[in-house]
1. Looking at the range 94-109 only, could you name the residues that are assigned to a loop (DSSP other than H, G, I, E, B), β-branched (Val, Ile, Thr) and surrounded by 15 or more Cβ atoms within 10 Å (Cβ to Cβ)?
2. Would you be able to say whether some residue in the range 146-159 is assigned to a loop (DSSP other than H, G, I, E, B) and closer than 19 Å to residue 125 by Cβ?
3. Go over the candidates 220, 250 one by one and state the one that is at pLDDT 95 or above, within 16 Å of the chain's Cα centre (by Cα), within 18 Å of residue 18 (Cβ to Cβ) and not in a helix (DSSP H, G or I).
4. Give the range 74-85 a look and list any residue that's surrounded by fewer than 17 Cβ atoms within 10 Å (Cβ to Cβ) and either hydrophobic (A, V, I, L, M, F, W, C) or in contact (Cβ under 8 Å) with a residue 24 or more places away in the chain (or both), or say none.
5. Would you check which residues across the range 132-176 are closer than 25 Å to residue 37 by Cα and of a type in the set (Ser, Thr, Tyr) and list them?
6. From the list 2, 31, exactly one residue is surrounded by fewer than 20 Cβ atoms within 10 Å (Cβ to Cβ), near the ligand (Cβ under 9 Å from one of its atoms), more than 15 Å from residue 231 (Cα to Cα) and among the basic types (Lys, Arg). Which is it?
7. Of everything in the range 9-28 that's in a loop (DSSP other than H, G, I, E, B) and more than 9 Å from the ligand (Cβ to nearest atom), which residue is nearest to residue 67 (Cα to Cα)?
Amino acid sequence: MREPFEQAVAEGRAGDRLWLYATYHCNLACRYCLTESAPGILNRRTLGAETIIRAVREARGLGFEKVGVTGGEVFMLPDFAETLRRIAELLPVVALTNGTLFTERRLRELEALTGLDVALQLSLDSADAAQNDKLRGRGNFDSVLATIPRLIEREIPVRIATTVEDQTPDELAALCELHRSLGVPDTDHIVRPVVRRGRAVTERLGVELGPHDVLPELTLTADGAFMHPFAATVRGGVTDLDLLVSRQILPLEAPLRRFLALVGDQPIGDDVVRSLR
Ligand code: SF4
């Protein structure tokens with residue numbers, strides 16, 4: 001299975017990152033949330049720490065080069081700092097977070113990541129607090145801005161992810177000035193549009209996804225394995241299954257086999273433009 005996977009990656013059919021949705025639970029309820037995450041979500045769809053660690057261990061053996069962990073808010077899981085340390089010992093990791101749950105205690109826990117190849121990717125949509133908080137909730141801007149220097153002080157690599165709905169070029173330029181002033185370079189600033197899935201459908205926000213807009217990257221959730229990290233979305237409390245790969249997630253070889261069969265049928269090369277990265 002390792003060889004066909006590495007070939008699919010070399011041909012541009014698939015990415016070499018395994019994604020994991022650690023939980024769909026979140027302390028925020030952003031208007032464009034793909035997973036309808038919120039404090040009171042009924043079905044948290046949490047992957048246990050041991051499942052995450054096993055999946056990453058198997059991923060390394062199957063030729064995956066890196067891991068992304070997302071949600072929901074990963075730090076809603078009390079043991080997530082420890083899980084992060086354990087998987088970062090296996091493969092390089094980026095963990096996506098809303099940046100609002102970094103207490104002193106949590107920051108101390110994260111000091112265990114020193115020397116490991118791990119980055120935290122924090123969401124920040126505008127240099128203007130009101131504009132940022134319009135979609136993400138009151139107080140979000142101040143909270144994220146307070147967290148970034150505290151992570152950098154501890155030498156934890158920080159990336160900024162910006163989700164664009166109606167920000168002007170001037171607003172985005174101001175945001176770039178802000179992240180540079182905080183010590184986050186342009187290479188660590190990811191900008192993407194709101195994707196019209198999940199809560200963004202209900203809110204009539206974002207862009208529709210074309211069939212080849214996103215590079216396929218095997219994505220595990222408590223509901224099954226999906227084609228890419230924008231696939232495992234929730235609407236009306238129900239998981240979207242249009243981009244499901246398999247209900248089975250472990251052993252990882254099982255969903256990977258099905259994933260490779262699906263990406264093997266897709267066009268590659270100049271026929272494909274990936275508009276979302
Ligand atoms: S977009 Fe992220 S931070 Fe906002 S509600 Fe969804 S999971 Fe939480």
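1. 100
2. Start the filter on the range 146-159 by keeping residues that are assigned to a loop (DSSP other than H, G, I, E, B), which leaves 154-157.
So of that shortlist, the ones also closer than 19 Å to residue 125 by Cβ come out as none.
No, the range 146-159 contains no residue that is assigned to a loop (DSSP other than H, G, I, E, B) and closer than 19 Å to residue 125 by Cβ.
3. Exactly one of 220, 250 is at pLDDT 95 or above, within 16 Å of the chain's Cα centre (by Cα), within 18 Å of residue 18 (Cβ to Cβ) and not in a helix (DSSP H, G or I), namely 220.
4. Taking the range 74-85 as the starting set, the residues that turn out to be surrounded by fewer than 17 Cβ atoms within 10 Å (Cβ to Cβ) are 78-79, 82.
Scanning the range 74-85 gives 79, 82.
5. 143, 147, 162, 163
6. Sole residue among the options that is surrounded by fewer than 20 Cβ atoms within 10 Å (Cβ to Cβ), near the ligand (Cβ under 9 Å from one of its atoms), more than 15 Å from residue 231 (Cα to Cα) and among the basic types (Lys, Arg): 31.
7. Among those residues, the one meeting the criterion is 16.
Residue-by-condition table, conditions (1) free of Cβ contacts under 8 Å to residues at least 24 places away in the same chain; (2) of a type outside the set (S, T, N, Q):
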| site | (1), (2) |
| --- | --- |
| 138 | yes, yes |
| 143 | no, no |
| 151 | no, yes |
| 157 | no, yes |
| 174 | no, yes |
| 186 | yes, yes |
| 198 | no, yes |
| 202 | no, no |
| 212 | no, yes |
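The values are calculated or read from the model by the stated rules, or taken from the named source; none is laboratory data. Since we're looking at a predicted model, the values are computed, not measured. Cβ sites come from the backbone with ideal geometry, for glycine too, and all protein chains shown count toward neighbours.
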